[in-house]
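J.: First the structure, then my questions, so here it is.
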Amino acid sequence: MSDTAAGASADTVSADTVQVVYATPQIQRIVTLERRPGMTAEQAVRASGLLEEFPEIGGRPLMLGVYGTQVALDRVLARGDRVEIARPLQRDPRELRRELLKLGKVMGAADSTRAPERR
């Protein structure tokens with residue numbers, strides 16, 4: 001197992017490895033592992049050491065993705081796959097959007113104090 005800097009590119013992943021990634025607002029961790037034949041997404045996460053480093057991950061059901069697409073825990077990994085550990089949403093985006101509209105603001109704007117455009 002080896003750590004990779006947050007700015008790692010896909011070029012740094014060899015054909016016989018997989019990556020497991022987890023990010024918080026403060027830090028991003030990328031762990032590169034040797035891929036074993038038949039290795040599942042869950043096995044890669046457990047082998048990465050990220051469950052021990054970030055105990056909050058283990059306190060809830062794992063939600064995993066491979067290159068941004070949600071996958072089951074038992075998905076068998078291919079060479080070069082990147083397993084992403086998802087964090088739960090802090091707020092329901094639909095409810096947040098409703099609250100912002102009541103305040104005359106829009107979601108996702110660089111300046112969230114901007115009023116919505118009229119059509």
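The values are calculated or read from the model by the stated rules, or taken from the named source; none is laboratory data. It should be emphasised that the depicted structure is a prediction, and the values quoted were computed from it without experimental measurement. Counting neighbours? That spans all protein chains shown, and the Cβs are built from the backbone with ideal geometry, glycine included.
Table: residues versus (1) modelled with pLDDT of 95 or more; (2) assigned to a helix (DSSP H, G or I); (3) in contact with a helix residue (DSSP H, G or I) (Cβ under 8 Å, 6 or more places away or on another chain); (4) surrounded by 12 or more Cβ atoms within 10 Å (Cβ to Cβ).
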site	(1), (2), (3), (4)
Ala6	no, no, no, no
Asp11	no, yes, no, no
Gln19	yes, no, no, yes
Pro25	no, no, no, no
Leu33	yes, no, yes, yes
Leu62	no, no, yes, yes
Leu89	no, no, no, no
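J.: To continue, here is another question. Does Leu101 satisfy the condition of being of a type outside the set (D, E, K, R), closer than 19 Å to Gln28 by Cα, surrounded by 10 or more Cβ atoms within 10 Å (Cβ to Cβ) and at pLDDT 85 or above?
T.: no
J.: Moving on to the next point. Scan segment 40-50 for residues that are in a helix (DSSP H, G or I) and touching a Leu at 6+ places or on another chain (Cβ under 9 Å) and jot them down.
T.: Result: Ala41, Glu42, Gln43, Ala44, Val45, Ala47, Ser48.
Conditions (1) at pLDDT below 95; (2) under 19 Å from Pro25 (Cα atoms); (3) within 14 Å of the chain's Cα centre (by Cα), marked per residue:
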site: Gly68; (1), (2), (3): yes, yes, yes
site: Asp74; (1), (2), (3): no, no, no
site: Glu95; (1), (2), (3): yes, no, no
site: Ala115; (1), (2), (3): yes, no, no
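J.: Output the residues belonging to segment 64-78 that are assigned to a loop (DSSP other than H, G, I, E, B) and surrounded by 12 or more Cβ atoms within 10 Å (Cβ to Cβ).
T.: Listed by number, the residues that qualify are Leu73, Arg75, Leu77.
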